[in-house]
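Taking it in order: structure first as structure tokens, then the write-up.
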Amino acid sequence: MKFEKTKETLNQLVADLSQFAAVIHQTHWYMRGPEFLTLHPMMDDYMDEINDQLDEIAERLVALDGSPYSTLQEFADHTGIKDEVGTWDRSMSERLETLVSGYRYLADLYQKGIEISGEEGDDSTQDIFIAYKRDIEKNIWMIQAELGHAPNNDSEN
Ligand SMILES: [Fe+2]
């Protein structure tokens with residue numbers, strides 16, 4: 001079957017982007033602390049971006065004659081991004097660190113997708129993966145800067 005591994009990666013992304021949208025929504029609702037007035041609306045922008053990626057990825061999968069996951073149960077069964085019941089005991093920094101790890105997971109998965117679609121010769125999907133990985137790396141840089149860290153180093157100031 002043509003582009004089979006690329007399609008598997010697309011569907012993995014459907015599950016993970018759906019899950020991560022919920023994680024961002026939880027952050028939006030449960031955050032308390034410094035910069036709330038800036039960070040709370042920022043989460044709306046992050047969610048919009050992730051939902052745009054989700055729609056584009058799912059529709060690319062359909063264009064390749066694939067079948068995207070489309071139920072909450074399927075997303076939960078297949079995602080590799082953890083979630084947890086919302087609590088009020090997390091600091092603003094902890095919430096942002098959770099976002100960074102989710103974004104890092106997605107950047108790694110996009111990188112894997114870039115390699116797989118390259119091997120299978122699906123340039124059009126690879127183009128999508130490259131653009132979205134770049135967008136996510138920018139988010140990682142910005143959130144890490146807010147936390148006082150270099151983009152790829154959680155201990156450096
Ligand atoms: Fe809201």
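Taken together, the values in this text are just the output of simple stated rules run on the coordinates, not laboratory data. Remember, it's a predicted structure, so these values are computed and weren't measured experimentally. Neighbour counts are summed over all protein chains in view; Cβ atoms, including those assigned to glycine, are modelled from backbone coordinates with ideal geometry.
Out of 22, 58, 131, any idea which swings most in a Gaussian network model of the chain, alpha carbons joined below 10 Å? Its mean-square fluctuation being the largest, the pick is 131.
Sorting 155, 101 from the fewest to the most surrounding beta carbons within 10 angstrom yields 155, 101. Each part reduced to its alpha carbon centroid, region 1-24 and region 29-92 end up 12 Å apart.
Here is the list for region 1-83: trypsin sites (Lys or Arg not before Pro) lying in DSSP coil, each with at most 10 other C-beta atoms within 10 angstrom of its C-beta, are 2. Only lysine pairs 8 or more places apart or on separate chains count here, and in the chain those with Cα atoms under 19 Å apart total 7.
Expressed in units of 2.2 N^0.38 Å, where N is the residue count, the Cα radius of gyration of region 4-147 is 1.06. Counting charges near residue 34 (Lys, Arg +1; Asp, Glu -1) among other residues having Cβ under 15 Å from its Cβ returns a value of -1.
Rounded to the nearest 0.05, what FRET efficiency is calculated for residue 124 and residue 71 with R0 set to 22 Å and r the Cβ-Cβ distance? Let's see the in-between values first.
Values: r = 27 Å, r/R0 = 1.23.
Working from the Cβ atoms, E equals 0.25.
Computed about the Cα centre, the dipole magnitude for region 4-147 is approximately 480 debye when only Lys and Arg (+1) and Asp and Glu (-1) carry charge, each at its Cβ. Principal-axis analysis of the Cα atoms of the chain puts helix 123-146 at an angle of about 10° to the longest axis.
Modelled label positions at residue 1 and residue 32, each set 7 Å beyond Cα in the direction of Cβ, lie 4.8 nm from each other. The angle separating the long axis of helix 4-30 from the principal Cα axis of greatest extent in the chain is about 20 degrees. For a Förster distance of 35 Å, can you work out the FRET efficiency between the beta-carbons of residue 87 and residue 55, rounded to the nearest 0.05? Efficiency at R0 = 35 Å is approximately 0.70. Computed from Cα positions, the angle between helix 92-120 and the longest principal axis of the chain comes to roughly 20 degrees.
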